[in-house]
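Below you'll find the structure, written out as structure tokens, and then a few comments.
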Amino acid sequence: MEIFTVLRILCEVLDNFLSGISAEAEQQNASNQALSAGKVVSTDPPYYDNIGYADLSEFFYVWLRRSLKSVYPDLFATLAVPKAEELVATPHRHGSKEKAEAFFLDGMTRAMHCLPGQAHPAFPVTIYYAFKQSESDGGEGTASTGWDTFLDAVIRAGFAISGTWPMRTELTVALKKHIGALASSIVLVCRPRVVDALIATRREFLTALKAELPVALAHLQRGNIAPVDLAQAAIGPGMAVYTRYASVLDAEGNELTVRQALSLINQTLDEVLAEQDGDFDSDTRWAVTWFDQFGFVEGDYGTAEQLSKSKNTSVGGMEEAGILASRAGKVRLLRPSELPADWDPGRDRRLTVWEMVHQLIRVLEAGGESAAGALVAKLGSQAEVARELAYRLYTICERKKRAPEALSYNGLVQSWPEITRLARDIDKSGPQLEQASFVR
């Protein structure tokens, strides 16, 4: 980011500060501090192993020390940045990945222990966390060492998680290109766990999860959360179910770990998104299943035709609809750039949600939000179903490591508020598609 952009943003913040209100800043060890007593606490802890803050600070420290040592002698007492107590899971500092994880868990637990009893009882403790990492581990499903270690520490400290607030804290212009960087920070809303919390079975936990996560997911989608942030944001409602119990026991009586709970939350999230396929037409349901397996590369015609029978459609019909190409015994879905530029949904005799999404991506990437807004105005109320499909396809791309396609679906959803605003501003007498229906 250019230095002038940074200065402009800082000046905007200073211009909006309230004058006449005093504040104090003090450096204390988070594991034994008493500053939070009776206070409303909102904290942004280290993100596991994402950043080596002390190593990064070394570059600036040597210069700051020369000019500020006489002003802050305690802060600049050492020749180099202190590193031993830094709460980051750095393997090279602790000898191994396992020792670094244990150090982080122990330190974060001690730091969190200071908060439940001290924080103001009328307000929750809010904790920012924007760690994005997925791993597959021992057949337990998708989980994240950074997330489960951090959450384990929060729960051990006596907190229950009551929800998640996705907050747009990142400048979208600064997000890395071709990388699914988080657009938001996930704020965990925490309160002290009740002393008489019940013990639940794994089945009871799953039942509650499947009942409550779809409602929370729908709420997040209505708020237009970016698909790249959806899995992280869903952790909050899922962990709210997990932490309402004193413990969750499996069939053998063993306690369900945080890592296992996160895997079940991710699994349930995938199931909820898959259930949304029922809102789509039969051609789109076929395309979603095909895309999951093949993406935009070719597959055998026989496999495609067999799948089409189960979806109540046909390869020939979908070729006529303009969503795939079929030749020489091979079938593949058309990329957005291959779709016709003169497409008019009002004259499309076989309108599909699949084509709507990819035409919107084509128009957005070629002509920007104004062009996409004009197309949404033509689609009318049907356009909202296209946004649902974009979430679904992003989730598939994330799981299959298809970064370029994932960025397109994420970009469409992130631009959706502006696209729909522009669509509303377009002359209402223009062609609409309010009465259109999909081929099912």
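The values are calculated or read from the model by the stated rules, or taken from the named source; none is laboratory data. Please read these numbers as outputs of a predicted model, since none were measured by experiment. Cβ atoms come from the backbone with ideal geometry, glycine included; neighbour counts cover every protein chain shown.
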Any hit, the range 298-318, residues being more than 19 Å from Ser282 (Cβ to Cβ) and among the charged types (D, E, K, R): yes
The range 366-394, residues that are touching a residue at least 40 places away in the same chain (Cβ under 8 Å) and on the phi > 0 side of the Ramachandran plot: Gly380
Top-ranked residue in the range 290-310 [being surrounded by fewer than 16 Cβ atoms within 10 Å (Cβ to Cβ) and polar (S, T, N, Q); ranked as modelled with the lowest pLDDT]: Ser310
Flag if Asn254 is in contact (Cβ under 8 Å) with a residue 24 or more places away in the chain, outside the structural domain of Lys400 (by TED's automatic domain parsing) and within 30 Å of Ile155 (Cα to Cα): no
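Inspect the range 321-337 for any residue being among the charged types (D, E, K, R), outside the structural domain of Asp229 (by TED's automatic domain parsing), part of a strand (DSSP E or B) and surrounded by 18 or more Cβ atoms within 10 Å (Cβ to Cβ) and give the result as yes or no.
yes
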Filter pass, Asn266 being of a type outside the set (D, E, K, R), surrounded by fewer than 16 Cβ atoms within 10 Å (Cβ to Cβ) and farther than 22 Å from Pro336 by Cα: no
Subset of the range 223-241 that is of a type in the set (Gly, Ala, Ser) and touching a residue at least 40 places away in the same chain (Cβ under 8 Å) - its residue that is surrounded by the fewest Cβ atoms within 10 Å (Cβ to Cβ): Gly223
Hits in the range 209-222 (condition: of a type in the set (A, V, I, L, M, F, W, C) and surrounded by 17 or more Cβ atoms within 10 Å (Cβ to Cβ)): Leu209, Leu213, Ala216, Leu217, Leu220
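Matching residues to (1) at pLDDT 85 or above; (2) surrounded by fewer than 17 Cβ atoms within 10 Å (Cβ to Cβ); (3) touching a Phe, Trp or Tyr at 6+ places or on another chain (Cβ under 7 Å):
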{"site": "Ser19", "(1), (2), (3)": "no, yes, no"}
{"site": "Val41", "(1), (2), (3)": "yes, no, no"}
{"site": "Ile51", "(1), (2), (3)": "no, yes, no"}
{"site": "Ala54", "(1), (2), (3)": "no, no, no"}
{"site": "Ser70", "(1), (2), (3)": "yes, yes, no"}
{"site": "Pro124", "(1), (2), (3)": "yes, no, no"}
Flag if Thr313 is in a helix (DSSP H, G or I), polar (S, T, N, Q) and surrounded by 13 or more Cβ atoms within 10 Å (Cβ to Cβ): no
Single unsatisfied condition, Pro45 versus (1) modelled with pLDDT of 85 or more; (2) in contact with a strand residue (DSSP E or B) (Cβ under 7 Å, 6 or more places away or on another chain): (1)
Residue match in the range 83-94 (condition: within 17 Å of Ala111 (Cβ to Cβ) and of a type in the set (Gly, Ala, Ser)): yes
Residues within the range 87-102 that are within 27 Å of the chain's Cα centre (by Cα) and either farther than 14 Å from Asp55 by Cα or not hydroxyl-bearing (Ser, Thr, Tyr) (or both), tallied: 9
Matching residues, the range 231-290, being β-branched (Val, Ile, Thr) and part of a helix (DSSP H, G or I): Ile235, Val241, Thr243, Val258, Ile265, Thr268, Val272, Thr284, Val288, Thr289
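Matching residues to (1) among the basic types (Lys, Arg); (2) assigned by TED's automatic domain parsing to the domain that holds Asp152:
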residue: Leu56; (1), (2): no, no
residue: Phe59; (1), (2): no, no
residue: Leu64; (1), (2): no, no
residue: Lys69; (1), (2): yes, no
residue: Asp74; (1), (2): no, no
residue: Thr78; (1), (2): no, no
residue: His94; (1), (2): no, yes
residue: Lys99; (1), (2): yes, yes
